[in-house]
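Step one of this worksheet: look at the structure below.
None of the figures in this text is laboratory data; all of them are computed from the coordinates on show. Keep in mind that this is a model prediction, so the values were computed, not measured. Here the Cβ is made from the backbone with ideal geometry for all residues, glycine too, and neighbour counts use every protein chain on show.
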Amino acid sequence: MPSTHREIQELLADYASALRDGSLPTFLKSLTREEALRIHESQDFWEATEVVRLMNSVGFGDKLVTPDVGLFISRVDAGIASRMKKAHASTRDPSRSHVNLHREFEPQ
Amino acid sequence: MDKRLRNALQQLTASDTESRRRAMEPFVRATFAMFIRHLHRYLGNEVECEDVLEDVYADIWENPSHLRDIEDERRLLKTVYLYYMRKRLREVYRRLNRRAYLSQADLQSLTAPDLGLCDLVSQEELKQLLHKMLGKLKARERRAIELWMEGMSNRAIANQLGTTVGAVKMLEFRTILKLREMLKEYSRESGGED
């Protein structure tokens with residue numbers, strides 16, 4: 001059971017571990033109102049987070065598993081295609097689409 | 001800047017959407033490693049980094065105007081971070097934080113902060129800098145940071161150093177603040193980052 005009255009040094013250590021382990025949401029959810037206020041008011045905490053990020057980057061940035069970039073490119077392309085489709089749909093003349101819809105459902 | 005990246009950037013800032021779409025593949029290939037490593041600094045989670053980066057690239061495709069006339073990789077990273085990544089980073093935990101106590105402004109400062117002293121320093125330079133800074137610490141402080149960077153939990157570090165978890169957290173906090181002072185000094189000596 002994590003402590004609910006963590007001092008600023010404990011909060012920083014927990015933030016650092018959460019960032020390193022990829023579990024920031026757990027850290028955010030663990031904060032009590034008092035702890036959130038303590039973080040807000042601590043200049044030291046904010047200054048230290050920058051160093052934590054750099055340590056995280058140096059220690060673990062190179063260990064990132066390089067995924068299949070080709071597969072990632074397909075995902076990006078699918079996202080772009082979807083945006084193009086949406087943009088195309090929103091620029092279509094609404095009155096025309098209404099007419100088409102009406103005709104399509106006209107009784108034979 | 002790498003010739004491949006320069007060509008991709010030129011094509012990417014073309015006017016028609018189809019040309020830009022075709023230019024995305026070489027652009028992604030040339031920048032993926034740099035961008036994902038940068039995002040990892042703020043999120044620490046590969047899956048989230050990839051999701052954010054996917055949106056970042058689509059945003060770049062949609063509006064690449066900020067990337068015109070960029071001549072080096074550092075400027076590219078800065079521009080992409082400020083105009084594309086930050087917006088997406090701010091959205092990552094926004095929904096989750098509705099049930100948490102940290103204010104939205106603080107959450108943004110945590111996950112999408114302003115560029116810091118060394119945020120645009122290359123990975124290699126950063127490694128050398130950190131190595132140099134660690135060398136200036138006391139043995140116990142250096143050991144605690146090195147063990148942390150090896151991925152050890154605070155409890156495991158406490159066992160290694162023969163102390164308590166609370167003492168390790170305090171040691172880490174003080175050491176990190178020391179490192180921060182060294183970073184400031186480095187930044188002053190090198191004339192500041194941008």
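Helices in chain B that qualify as membrane-span-like (whole DSSP H runs, Cα extent of at least 30 Å along the helix axis, mean Kyte-Doolittle hydropathy of -1.0 or higher) are B:17-43, B:165-189. I'd like the FRET efficiency for B:Asp72 and B:Ala156, computed as 1/(1 + (r/R0)^6) with the beta carbon distance as r and R0 of 45 Å, rounded to 0.05. E(calc), rounded to 0.05, equals 0.60. Which FRET efficiency, nearest 0.05, do B:Ala14 and B:Ser187 yield, Cβ-Cβ r, R0 51 Å? The computed FRET efficiency comes out at 0.85.
Pair-distance distribution of the protein assembly as shown: all C-alpha pairs, bin width 10 Å, starting at 0; shares per bin in whole percent are 6, 24, 29, 21, 12, 5, 2, 1, 0. Helix-only arithmetic for chain B: the sum of -39500 (n - 2.57) across DSSP H runs with n ≥ 4, divided by the residue total, places the mean residue ellipticity at 222 nm at -22000 deg cm²/dmol. Straight-line cross-link partners of B:Lys169 among the aspartates and glutamates, defined as a Cα under 13 Å from its Cα and at least 8 positions apart when in the same chain: A:Glu7, A:Glu10, A:Asp14, B:Glu141.
Residue separation of B:Glu146 and B:Leu115 scaled by 0.36 nm, minus their Cα-Cα distance, works out to 8.7 nm of gained length. PRE reach from A:Met84 (point 7 Å along Cα→Cβ): which of the stretch B:47-65 fall under 13 Å by backbone N? B:61-62, by backbone N distance to the label point.
Residues A:Ser90, A:Ser74, A:Ser57, B:Ser109, ranked from the fewest to the most other C-beta atoms within 10 Å, line up as A:Ser90, A:Ser74, B:Ser109, A:Ser57. Peptide A:10-16 shows a mean partner chain C-beta count of 5 within 10 Å per residue C-beta.
Per residue of peptide B:36-47, the mean number of Cβ atoms on other chains within 10 Å of the residue Cβ is 6. Measuring nothing but how far apart in sequence close Cα pairs (under 8 Å, 6+ apart) lie, relative to its length, the stretch B:123-189 scores a relative contact order of 29 percent. Cβ-to-Cβ counts within 10 Å put B:Trp61, B:Trp148, A:Trp46 in ascending order as A:Trp46, B:Trp61, B:Trp148, the fewest first. If you take every residue apart from B:Met1 with its C-beta less than 15 Å away from the C-beta of B:Met1, what net charge results, scoring Lys and Arg +1 and Asp and Glu -1? Value of the local net charge: +3. Taking each of A:Lys63/B:Lys136; B:Lys132/B:Lys184; B:Lys87/B:Lys184; B:Lys136/B:Lys178 in turn, the alpha-carbon distance tops 18 angstrom for A:Lys63/B:Lys136; B:Lys87/B:Lys184.
The convex hull drawn around the Cα atoms of the stretch A:7-91, when projected onto a plane and averaged over every direction, covers 8.9 nm². Counts of other chain beta carbons within 10 angstrom of each beta carbon in peptide A:22-32 average 5. Within the shell defined by Cβ-Cβ distances under 12 Å, the residues around A:Glu10 carry a net charge of -1, with Lys and Arg each +1 and Asp and Glu each -1.
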